[in-house]
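To start, the structure itself, in structure tokens.
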Amino acid sequence: MPRQPDKRKIGIFMITSVSILLLILGGLLQNKIFGHKSKEIVMFFDESVNGLSVGSSVVFKGVKIGEVSRIEIKANPDDLSFSIPVYAKMQSKSLNSDSLFSSPKAVLDELIKKGLRARLATHSFVTGQLMVELVMLPETDIKLHEDVGVLEIPTVLSPIGELSRGLQKIPLAEGFKNFTDFFGGLNKMMPEINKVVADIEN
């Protein structure tokens with residue numbers, strides 16, 4: 001007589017299989033849709049962003065964690081100054097909070113206190129394309145803007161920007177005057193120099 005199948009075991013097997021399938025689908029949905037929901041941040045740069053464009057990478061420790069979504073320029077009518085806000089879409093996992101923090105803003109605020117800054121960096125020396133690099137520089141000042149509407153990361157000058165600002169501070173007019181004074185004095189001494197050379201040759 002053939003053995004009757006155990007309907008109870010079959011039922012348990014089917015329920016377990018369906019549950020596992022639902023968990024897998026749920027995980028895929030979370031990772032593919034909700035897990036990649038972007039968070040926007042803004043960074044205000046005080047130097048030229050020529051070479052930076054929409055789609056440029058935002059990297060941390062060499063790992064891409066977002067990309068530039070828009071670049072604007074804003075004028076302050078009070079002092080006729082300009083600022084360049086650069087917005088970027090960040091991968092949600094890069095700003096995830098854990099049990100120690102109540103929100104992504106709390107995580108970001110703590111990182112800023114520890115030295116998180118944004119600066120421009122060269123992505124390609126051939127094309128001149130730039131990217132935004134997040135670095136830890138705890139000794140630098142924190143400069144944030146009010147009422148920007150999104151999370152903000154303070155910025156510092158790029159190495160090229162630092163060099164350019166340093167050159168601008170060199171007193172070129174004074175240096176040029178010293179240069180011309182030196183050669184002017186040398187020119188006045190030429191007759192005496194020529195006389196000394198002639199005496200040596202004789």
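The values are calculated or read from the model by the stated rules, or taken from the named source; none is laboratory data. Note that the structure is predicted; figures quoted are calculated from it, not measured. When we count neighbours, we look across all protein chains shown, and the Cβ atoms used for this are built from the backbone with ideal geometry, even at glycine. Ligands, DNA and RNA are stripped out before the accessible areas are found, and what is left, the full protein with its side chains, is counted by its heavy atoms. Shrake-Rupley method; radii C 1.70, N 1.55, O 1.52, S 1.80 Å.
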Please give the net charge around Pro138, taking every other residue with its beta carbon less than 15 angstrom from that of Pro138, where Lys and Arg add +1 and Asp and Glu add -1.
+1
Using packing as a proxy for protection, rank 80-88, 153-161 so that the peptide with the highest average count of other Cβ atoms within 10 Å comes first.
153-161, 80-88
For the range 39-151, what % of the accessible area comes from carbon and sulfur atoms, probe 1.4 Å?
53 percent
Ordering of 142-150, 49-57 by burial proxy (mean other Cβ atoms within 10 Å per residue, highest first):
49-57, 142-150
Local electrostatic count at Ser69 - Lys and Arg +1, Asp and Glu -1, tallied over other residues with Cβ under 9 Å
0
1/(1 + (r/R0)^6) with r = Cβ-Cβ of Val63 and Asp147, R0 = 25 Å, i.e. FRET efficiency to nearest 0.05, evaluates to 0.20
Can you list the HN-Hα couplings for the range 61-68, worked out from phi with the Karplus curve (6.51, -1.76, 1.60; θ = phi - 60°), rounded to whole Hz and with x for Gly and Pro?
6, x, 9, 6, 10, x, 8, 5
So between Val54 and Asp79, what do we pick up on full extension, going 0.36 nm a residue minus the alpha carbon distance?
6.1 nm
